[in-house]
1. Any chance you could give the angle, 0 to 90 degrees and rounded to 10, that helix B:265-294 forms with the longest Cα principal axis of chain B?
2. Could you work out the mean count of beta carbons from other protein chains within 10 Å of each residue's beta carbon in A:150-156?
3. Within the range A:1-31, which chymotrypsin sites (Phe, Trp or Tyr not before Pro) sit in a loop by DSSP and count at most 11 neighbouring Cβ atoms inside 10 Å?
4. Share of Cα-Cα pairs in the range A:90-155 beyond 13 Å, in percent?
5. Hey, quick one: spin label on B:Val89, modelled 7 Å out along Cα-Cβ, who in the range B:117-142 has an amide N within reach, i.e. under 18 Å?
6. Averaged across the residues of A:78-85, what count of C-beta atoms belonging to other chains lies within 10 Å of each residue's C-beta?
7. For the range A:71-160, which GluC sites (Glu not before Pro) pass both filters: DSSP loop (anything but H, G, I, E, B) and at most 14 other C-beta atoms within 10 Å?
8. Sort B:Thr50, A:Thr13 by Cβ crowding within 10 Å, fewest neighbours at the top.
Amino acid sequence: MVRLENVGKRYGTDAEILHDISLTLDPGGFYFLTGVSGAGKTTLLKIIYLAETPSRGLVSLFDTDVSAADRATHNALRRRIGIVFQDFRLVEHLTVRDNVALPLRIAGAAEREIRENVPELLGWMGLEDKLNYHPAQLSGGEQQRVAIARAIVRRPDLLIADEPTGNIDDEIAMLLVRIFERINRLGTTVLIATHDVAFASRFSHRHLHLDRGGLSAPKTAPGAPAAAALGGSSPSSGAANLDQDSAPRDRAEAEPEAPAGPADPPAPGDASAEAQ
Amino acid sequence: MIGAALLPRQFRLDLPLRRDASGRFLPWIIALMVYLAAVGGIALIWLGDTLNQWDESLTSKLTLQIPADTSAARIDMVLGALRQTKGVVWAYLLAPEETAKLLEPWLGSSVSIATLPLPRLVDVRVDPHVAIDYATLRQQLDTIVQGAQLDNNGTWLAGVREFALRVEGVITAGVLAVTALIVTIVVFTARIGLAIHRTIIELLHLLGAQDSYIARQFQVHALGLGLRGGVIGGTAAFATVVVLGPAAHMFALPVPIAAYGIFDWRLWLLLIVTGLAAGGVAMLTARITVLRQLARMP
């Protein structure tokens, strides 16, 4: 799915921000990318979601060598990736509905599909009454859920979230991870970057730890799943068992889950046309 | 944004281009350009019509002056020679009274024309499609009546035609300059738009948007601005014709546009074509500019 070999990144003549990064993300896997601020997490994510080109090394996305691919292929690869940016990057002048519809429109989906599927997904995210709001009218948590909805609306093959748990309290952070786990169960590979190693350690998902631009074993993460993906591939540890996790859940503030139970998120992207 | 929701998807903009300041001044600049081009076009039509009229009337009309003291027999010989010339349709000798009538505006009716040594005039009509060797004809006429003068309007008209051609050239150059100006303005507007909305454009790229998807937004926007300018400029040009048409009539200027007035189909065609062309040029320019700029982005 994602394969990096000896990837390095430097800007100009500065020292390398990333060096000798080799990793493999397996299809259906769930990964935490940990590391202190400035360790190079965002740069590594940018290389994976094709916002940056590495200074050296090989990047392969969905079995395509990125460096050899042309511009149109890059865009086609990007359409298979959902990104939750650290600053959400919602389009201010577009409504919540149109923000979430953006990836579908870009992919050339029919307006009928968009009319049906976007409200459904936003309802699943607990935003059914905010469809026509603009981002500025939403709270930070709501904006983040819109950003997540936009990232998953086409049911991407790979979901990348940059510090989604950064400035929110623990319960909501747990809830977010639950959402990502559900998406993961639908077959999407998930990669979450966080500076909070302790938080990531609460989950049995595999960890990639960045330390001063290089991958290493996390210092505080539990031994077994840590760095499992370093330099090679191994089967996903599976996300299903996380439902047994006893972490506290707050249903009052940000619970996006439908009252009926753990329904899977709708996947409007399934039917959408792949515009080339 | 209820209005935007009702638009067909081809006209939906993810970029807030309609809020840019460029959208406010660009239609007016384009309107001015369209106005100049349309008025230039109307002038071209008028010029063409006028020349055609002159062509028909003047190239087929000649005047022969015969000195006053020429005998009737000589005059008959001249008329005979003219009528036998290939291409001459008819030759009519004006009676002295008719000649006097022509001169009346200058001399007044009180002057006894009969006392003046007036030359005899022959009104000659020729087939404009037959090339006549005027040099030979003049020589021939001169041998019959010394001092006979054949005025050929063609020589004079050739000068007018050359002048008209130059005017046409100037107007065409003006229209080209106007087009180039629209292109330049749209190029800069599109570049400014790209710079202003760079963040959103980068986002669209990260969401996998192809360059053509982003370019489409700019071209739709430019098409709208261009058409708006086209309508304003076209309306102004139309108003000019409405105002100046009757005025031209008053001065008895040979202005066909004024003669046919606002019912001349060519006027409408010109206005529609100019307006659409403004939209089309703006749209194409925006598309090409944006695609070229985007190709330089990562």
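1. 40
2. The per-residue average across the peptide is 1.
3. In loop regions of the range A:1-31 (DSSP not H, G, I, E or B), the sparsely surrounded chymotrypsin sites (Phe, Trp or Tyr not before Pro) are A:Tyr11.
4. 55
5. Answer for the range B:117-142: B:122-133.
6. Mean shielding by partner chains, rounded to a whole number: 3.
7. The qualifying sites are A:Glu92.
8. Lowest to highest Cβ neighbour count: A:Thr13, B:Thr50.
Quick note: the coordinates plus some simple rules give every number you see, no bench work behind them. All values derive from a computational prediction rather than experimental measurement. For neighbour counting, all protein chains shown are included, and Cβ atoms are generated from backbone atoms with ideal geometry for every residue, glycine included.
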